[in-house]
Amino acid sequence: MYKNHYISAIIAAAGMSSRMRSSINKQFISIDDKPILAHTIEKFDRCKYIDEIIVVAKEDEMGYCKREIVNKYGFKKVFKIVRGGKERQDSVYNGILALNGRTDIVLSHDGARPFVRDENIVDSIRGAIEYGACVVGVPVKDTIKVVEDEKNIDDTPNRDLLWAAQTPQCFKKDILMEGYRRAIEDSFMGTDDSMLVERLGIDVRMIMGSYDNIKITTPEDLMIAESILKGEETIFEKIGLTLQGR
C-alpha cells in the first residue's frame with residue numbers, strides 16, 4: 001500500500017523472443033545463474049509498496065513459470081499467473097482483467113527489464129497518484145531520423161524533445177481500463193500502454209528512469225546485462241566517456 005492506495009504490478013512475460021534466436025523464451029535465460037524473469041519479479045516483490053504481482057505468460061509456459069520461477073525463488077506477492085495473448089497489448093489486458101478488486105494503481109512492466117530500480121517503481125507510483133498516468137523513460141542520446149519507405153531521411157526531430165520510453169508505465173486503474181476499452185472498441189493496436197491512454201486526451205507524465213533499465217531483446221543485450229550485474233561500466237556509460245574524450 002502507498003498512502004492507502006492498493007498497488008498492483010502486471011509483468012508481461014509472454015513474448016515470442018524471436019530476436020533472441022534462442023530455443024527458450026528469453027525471460028527464462030539465466031544471467032548470473034538466475035532467470036531474467038526472476039530478476040525482474042524480485043524487484044517488485046521486494047518493493048514495500050507493491051501489494052500484488054500478476055505475471056502474464058504464454059499458455060504453455062504457465063506451469064513452468066509457476067514451478068521454476070515463482071515457487072523456486074519464493075516470491076510472496078505473485079498471486080496470479082495468467083495466460084498471455086497474441087500481442088503484448090492482449091497480454092496486458094488479460095492481466096488487467098485479473099486485477100484485485102481493491103486495486104487503485106496499476107504498473108505495467110516488461111518481464112525482460114530486470115534492472116528497474118526501486119526508485120523508478122516508487123517514482124512511478126507517486127507519479128500515477130499525482131498525475132493519473134506516467135511513464136518511465138530517458139532522454140535520447142543519439143540524433144533520431146525519420147526515414148521514409150525508400151530509406152531516405154524525411155525529418156530530423158529536435159533531440160531535446162525526444163525521450164526513450166521504458167517501463168514501468170503506471171496509471172490509475174480506471175484510466176488504464178478506459179484506454180483499453182476504447183482501444184478494443186476502435187480495434188486500435190498500440191506499441192505501449194501509454195499510447196492507449198494518450199488517445200483519450202489524457203496527459204501522460206514522463207518520469208526520469210535509468211539508462212541501465214534495458215530491455216533484453218537480442219544476444220548482444222545479454223552481454224550488457226552481465227556487465228551491469230557485475231557492477232562494471234555499462235555500454236551506455238562507456239559511450240558517454242568516449243564522446244566526452246573527443
Q.
I need the peptides 154-160, 221-227 ranked by packing, meaning the mean over residues of other C-beta atoms within 10 angstrom, with the highest value on top.
A. 221-227, 154-160
Q. With contacts defined as alpha carbon pairs under 8 Å and 6 or more residues apart, what's the relative contact order of the stretch 78-135 in percent?
A. 21
Q.
Placing one identical point scatterer on every Cα of the stretch 17-86 and ignoring solvent, what is log10 I(q)/I(0) from the Debye formula at q = 0.11, 0.12, 0.18, 0.23 Å⁻¹?
A. -0.26, -0.31, -0.70, -1.09
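In Å, what Kirkwood hydrodynamic radius results for the stretch 91-228 from the alpha-carbon pair distances?
16.4
Treat every Asp and Glu Cβ in the stretch 96-238 as -1 and every Lys and Arg Cβ as +1, leave all other atoms uncharged, and give the resulting dipole magnitude about the Cα centre to the nearest 20 debye.
Details: 17 positive and 28 negative charges, 96 e Å.
My answer is approximately 460 debye.
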Q) Beyond 32 Å, what percent of the Cα pairs of the chain remain? A) 21
Q: Have a look at the stretch 142-222 and give its Rg and Dmax from the Cα atoms, expressed in angstrom.
A: 15.8, 42
Q | Semi-axes of the equivalent ellipsoid for the stretch 51-154, Cα gyration tensor, largest first, Å | A | 30, 20, 15
Q: Determine which residues of the stretch 164-184 fall in the zone a paramagnetic label at Leu200 would reach in this model, i.e. backbone nitrogen under 13 Å from the point 7 Å along Cα→Cβ.
A: 170-184
Q.
My understanding is that a pair violates if its Cα-Cα distance is over 22 Å; which of Lys58/Lys173; Lys3/Lys48; Lys58/Lys230 do that in this structure?
A. Lys58/Lys173; Lys58/Lys230
**Q.** Gaussian network model of the chain, Cα within-10 Å springs - most flexible of Lys172, Lys215, Lys230
**A.** Lys230
**Q.** GNM result for the chain, Cα springs below 10 Å: residue of Gly111, Gly137, Gly190 fluctuating most strongly
**A.** Gly190
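What's the FRET efficiency of Asp142 with Arg102 using the Cβ-Cβ distance as r and R₀ = 35 Å, to the nearest 0.05? The partial results should precede the final answer.
Working: r = 43 Å, r/R0 = 1.22.
My answer for the efficiency is 0.25.
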Q. Which aspartates and glutamates, on any chain, are close to Lys80 with Cα under 12 Å apart, when same-chain ones fewer than 8 places away are left out?
A. Glu52
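Grab the DSSP H runs of the chain that are 4 residues or longer, score each as -39,500 (n - 2.57), total them, divide by all residues and round the 222 nm result to the nearest 500 deg cm²/dmol. Don't skip to the answer; put the middle values down first.
Numbers: 8 runs with 80 residues, N = 246.
The helix contribution divided over the chain gives -9500 deg cm²/dmol.
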Q) Under a 5 Å amide H to amide H cut-off, with H placed in plane at 1.01 Å, what residues pair with Met206 once short-range neighbours are removed? A) Val135
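All of the numbers you see were taken from the coordinates with simple rules; none came from a lab. Just so it is clear, the structure is predicted and the values come from calculations on it, not from any experiment. When we count neighbours, we look across all protein chains shown, and the Cβ atoms used for this are built from the backbone with ideal geometry, even at glycine.
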